[in-house]
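The values are calculated or read from the model by the stated rules, or taken from the named source; none is laboratory data. For clarity, every value in this text was computed on a predicted model and none was experimentally measured. Ideal geometry is used to build each Cβ from the backbone, glycine not excepted, and the neighbour counts take in all protein chains shown.
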Amino acid sequence: MSQAIADKPHAVIRQRPGVRFKGTGKVRIESMSHDARGVGHVDGKTVFVEGALPGELVEYGVLRKKPSFDNGSVTNVIEASPDRVLSPRCEHFGICGGCSLQHLEEAAQLRYKQQIVQESFEKIGHVQPENWLEPLTSASWGYRRKARIGARLVPKKGGVLVGFREKRSSYITDIEYCHVLDDRVAKTLPAMRRLIADLSCPDQIPQIEVAAGDEEIVLVFRHLVAFTREDLDDLKLFARTHDVQVWLQPGGPDSIKPLWPEKPPPLKYALPEFDIEIQFRPTDFTQVNAEVNRKMIVRAIELLALDDNDELLDLFCGLGNFTLPLARGCKQVLGIEGDEILVAGARENAKRNAIGNVKFVTGDLYQETGFPPWGEARFNKVLIDPPRSGALEVIKHIPANGPERIVYVSCYPSTLARDADYLVNELGYRFESACVMDMFPQTSHVESIALFTRKR
């Protein structure tokens, strides 16, 4: 073997401890699936290989055999893709289930995500946008402001483990530092582990929910038994030492309450482009990536082409993340949301920001028949920001000669493609443009935004 070949760097591959393979194989990877697995064929049978990239020749271990396909995990990269990151930043990558794309260069991650959205439009929606806009991106590390971190007492592994769950497992990855979490939270993980280990009930704290605003950090400790007085003192000391708020959750989501400070300052994030500040509770839905969220709002407003006479409908409005910025540039906005608590929060946010040309109502956005959830309200433009299940039911209430412009913000390409099919092929809208939004760098999760305009 020549010195050049011997010195050639190899891809770092990590496997979950204790993984048992049901065989091995070698395959040339042809493409990537929607969940970031490499796809190849062996003797005509499809093989999905975790950790493999298109163009690579890899060795893999078989995790599961099915009649029509096998699932596997890469064990060795024989021929690496030029897009491969040979040594991913996080030492837990390949074991932790929090990230799936750290082995892929960031520019290639964006290309992969746009390809996923394009294929969904083509195969599911039978549509394509006339124009692709530049993707919306952010810092690739330290962006995540909301998360659920698992905790578990495992004496055989040295005590309490704190981290995300391992891939394909309910086990907890023992993490010293998470590179995608907000740094203010990530650096407290070792101290969090020590804190839980010292409590009277280290085996009764299954998770810590993280919610970070621009200024405040909240850690919500789920606990299955009551804390002792000494436990509460330790939790308060942790909060003061690490400049975080500690809240307790003894039951369901409605049971959360602050421990320290007793009267905590609110969580909030700013939208400086619109002179708006949004307050939220730790359990309220907010976007995990503040930078992409700000860019997304600006892009949505650009696509809606607002003027002072516009009357807008904001469906799945939540706390007013879009509604309030929209109101700065039009006549009025009606926000509709199914969660009464979020609606109440949106109304309070409108008051705090002195925005009077908005109205928020609670409405069922999943009912196909009957009176539309917006009643007799008039509007000429619509913004839709649904959950993964999409918005087909509420879209069916939109008449064919309805709003001039519809901007659809999606967190799941398949349902966006399905709903685009209805808007274009049933209601006759023009699919003018779309773009990918990298809300979750280093993961296969992809969000997108699309503009549909009424044909004249």
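Each residue in segment 308-363 was checked for being on the phi > 0 side of the Ramachandran plot, small (Gly, Ala, Ser) and in contact with a strand residue (DSSP E or B) (Cβ under 9 Å, 6 or more places away or on another chain), and 2 of them qualify.
Strands (runs of 3 or more DSSP E) wholly in segment 218-315 with at least 2 residues that are within 23 Å of residue 436 (Cα to Cα) and in the same structural domain as residue 329 (by TED's automatic domain parsing) - which ones? Don't jump to the end; show me each part of the working.
On the way: elements: 245-249, 257-260, 267-271, 276-280, 311-315.
Of the strands (runs of 3 or more DSSP E) lying wholly inside segment 218-315, those with at least 2 residues that are within 23 Å of residue 436 (Cα to Cα) and in the same structural domain as residue 329 (by TED's automatic domain parsing) span 311-315.
For residue 418, the criteria (1) over 22 Å from the mean Cα position of the chain (by Cα); (2) surrounded by fewer than 22 Cβ atoms within 10 Å (Cβ to Cβ) hold in every case but one, which is (1).
Residues checked against (1) within 30 Å of residue 141 (Cβ to Cβ); (2) touching a strand residue (DSSP E or B) at 6+ places or on another chain (Cβ under 6 Å); (3) in the same structural domain as residue 182 (by TED's automatic domain parsing):
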site: 404; (1), (2), (3): no, yes, no
site: 424; (1), (2), (3): no, yes, no
site: 434; (1), (2), (3): yes, yes, no
site: 445; (1), (2), (3): yes, no, no
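For segment 351-365, a residue qualifies if it is under 18 Å from residue 277 (Cβ atoms) and small (Gly, Ala, Ser), and the qualifying residues are 354, 356. Of note, residue 52 does not satisfy the criterion of being in the same structural domain as residue 224 (by TED's automatic domain parsing), buried (at least 22 other Cβ atoms within 10 Å of the Cβ) and modelled with pLDDT of 95 or more. Taking (1) modelled with pLDDT under 95; (2) not in a loop (DSSP other than H, G, I, E, B) in turn, residue 185 satisfies each apart from (1).
Evaluating residue 71 against the criteria (1) modelled with pLDDT of 95 or more; (2) surrounded by fewer than 12 Cβ atoms within 10 Å (Cβ to Cβ) leaves one unmet condition, (2).
Filtered by the rule that a residue be under 14 Å from residue 53 (Cα atoms) and in contact with a Phe, Trp or Tyr (Cβ under 6 Å, 6 or more places away or on another chain), segment 92-112 gives a lone residue, 102.
In segment 111-129, what residues are aliphatic (A, V, I, L, M) and either more than 30 Å from residue 14 (Cβ to Cβ) or assigned by TED's automatic domain parsing to the domain that holds residue 75 (or both)? 124, 127, listed by residue number. Of the residues making up segment 181-207, those that are among the acidic types (Asp, Glu) and under 23 Å from residue 250 (Cα atoms) number 2.
Quick one: is residue 365 touching an Asp or Glu at 6+ places or on another chain (Cβ under 8 Å), without any contact (Cβ under 8 Å) to a residue 60 or more places away in the chain and either buried (at least 19 other Cβ atoms within 10 Å of the Cβ) or outside the structural domain of residue 179 (by TED's automatic domain parsing) (or both)? Judged against the criteria, residue 365 is a match.
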